Amino acid sequence: MSRFFYTAGQRQGNEVTLTGDDANHLRRVLRSGPGDEIELCDEAGGCRLAAITAVEKESVSCQLGMLLPDSEARVRIYLAFALLKGEKTDFVLQKATELGVAGFLPFISERTISRPDKKTEARLQRWEKIIRAAAGQSRRSLLPSIAAPLDWTELVKTIPAYQKAVLFWEGEKNRPLAAALEGISPAGNLLLITGPEGGFSREEALAAADSGACPVTLGPRILRAETAALTAVAVSLYQLGEMEGRP
């Protein structure tokens, strides 16, 4: 069943009106009509079954029904990853959203190949669309946040705001991820930091560690940047018990 997200301004009582891309997708792609059921989630993560009551040229009206189970991870995981070449950034955003990341902090570091251009606003809008589609497909309860690209110094300053921060660095040979995740509370927040195609410099790794990040290894094999980002998320969720079923 298809899932969509709405804001408070789209709701009047128990009726929600979808417009824009969501309405077009329901009308043109899914060919939905009155009586069809979809799932709708508000900005606080409350998701309900909904019945379509009217399909207009530019809008779809829905009546909210029963509350649905929450699908979000209890530990809020934020992924800070270096901008990647081509469509690799889009790929990381899509797949990490499906896995359950709560938010994204793209950044530019010393060895980052991809650089932001003057079309930052347009790029952010495209990323938000990718996240929105992936969140609906994977039946997320909340839309992950995404920040405008930061430089490395700016990102390092955010590290103390998290309960724990983990830096995935090929220069760390001994400390495994499991050890770094010990002590994370169920309601905590965790920052995962993965690097660009060329990896982190030693100076960057030391700066992150000085701000409280824990450098860890993902094993003896060197992973591509996009593989490392998604592996970091998936393994962290598993280690924290977020890949298990819920009653």
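When we screen SER61, SER32 for residues that are in a loop (DSSP other than H, G, I, E, B), open to solvent by less than 50 Å² (accessible area, probe 1.4 Å) and more than 25 Å from SER145 (Cα to Cα), the only hit is SER32. With respect to the conditions (1) part of a loop (DSSP other than H, G, I, E, B); (2) open to solvent by less than 60 Å² (accessible area, probe 1.4 Å); (3) not aromatic (Phe, Trp, Tyr), ASP70 lacks only one, and its number is (2). Exactly one of these conditions fails for LEU83: (1) at pLDDT 95 or above; (2) buried (at least 20 other Cβ atoms within 10 Å of the Cβ). Give me its number. That leaves (1) as the condition not met. Within the range 184-235, how many residues are closer than 18 Å to ALA161 by Cα and in a strand (DSSP E or B)? Total meeting the criteria: 8. Restricting the first member to the range 56-67 and to residues that are under 18 Å from ASN24 (Cα atoms), and the second to residues that are surrounded by 16 or more Cβ atoms within 10 Å (Cβ to Cβ) and small (Gly, Ala, Ser), the beta-carbon pairs closer than 6 Å and six or more apart or on different chains are SER59/ALA23; VAL60/ALA23; CYS62/ALA50.
When the residues of the range 101-125 are narrowed to those that are open to solvent by less than 90 Å² (accessible area, probe 1.4 Å) and part of a helix (DSSP H, G or I), which ends up nearest to LEU237 (Cα to Cα)? Only one residue tops the list, namely LEU124. Looking across the range 86-100 at every residue that is open to solvent by less than 10 Å² (accessible area, probe 1.4 Å) and among the aliphatic types (A, V, I, L, M), the one that is nearest to THR120 (Cα to Cα) is identified as LEU93. Would you call LEU177 crowded, with 17+ Cβ neighbours inside 10 Å, more than 19 Å from the chain's Cα centre (by Cα) and under 17 Å from PHE81 (Cβ atoms)? Here the answer is yes, as LEU177 does meet what is asked. Across the range 139-151, the number of residues qualifying as among the aliphatic types (A, V, I, L, M), within 23 Å of GLU197 (Cβ to Cβ) and not in a strand (DSSP E or B) comes to 2.
None of ALA147, ALA187, ALA165 is under 18 Å from LYS95 (Cα atoms) and either of a type in the set (Gly, Ala, Ser) or modelled with pLDDT under 95 (or both) except ALA147.
Quick one: in the range 223-234, of everything that is open to solvent by 30 Å² or more (accessible area, probe 1.4 Å) and more than 15 Å from the chain's Cα centre (by Cα), which residue is nearest to ASP90 (Cα to Cα)? Among those that are open to solvent by 30 Å² or more (accessible area, probe 1.4 Å) and more than 15 Å from the chain's Cα centre (by Cα), it is THR227.
Per-residue answers, yes or no, for (1) in contact with a helix residue (DSSP H, G or I) (Cβ under 7 Å, 6 or more places away or on another chain); (2) within 27 Å of PHE4 (Cβ to Cβ):
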position: LEU124; (1), (2): no, yes
position: TRP127; (1), (2): yes, yes
position: ARG132; (1), (2): no, yes
position: ALA135; (1), (2): yes, yes
position: LEU143; (1), (2): yes, yes
position: ILE146; (1), (2): yes, yes
position: ASP151; (1), (2): no, no
position: GLU154; (1), (2): no, no
position: LYS157; (1), (2): no, no
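The condition (being open to solvent by 70 Å² or more (accessible area, probe 1.4 Å) and under 21 Å from GLY195 (Cβ atoms)) is satisfied by just one residue among GLU128, GLU154, GLU172: GLU154. Pairing residues of the range 135-151 that are in contact (Cβ under 8 Å) with a residue 12 or more places away in the chain and farther than 15 Å from ASP70 by Cα with residues that are surrounded by fewer than 19 Cβ atoms within 10 Å (Cβ to Cβ) and hydroxyl-bearing (Ser, Thr, Tyr), at Cβ distances under 8 Å and at least 6 apart in sequence or on separate chains, gives ALA148/THR120; PRO149/THR120; LEU150/THR158. Residue count for the range 36-52 under the criterion of being open to solvent by 10 Å² or more (accessible area, probe 1.4 Å) and part of a strand (DSSP E or B): the result is 4.
The values are calculated or read from the model by the stated rules, or taken from the named source; none is laboratory data. In this text, all values refer to a predicted model and were calculated from it rather than measured experimentally. Cβ coordinates were reconstructed from backbone atoms using ideal geometry, including for glycine residues, and neighbour counts include every protein chain displayed. When the accessible area is computed, the model is the full protein with side chains, heavy atoms only, and any ligands, DNA or RNA have been set aside. Shrake-Rupley method; radii C 1.70, N 1.55, O 1.52, S 1.80 Å.
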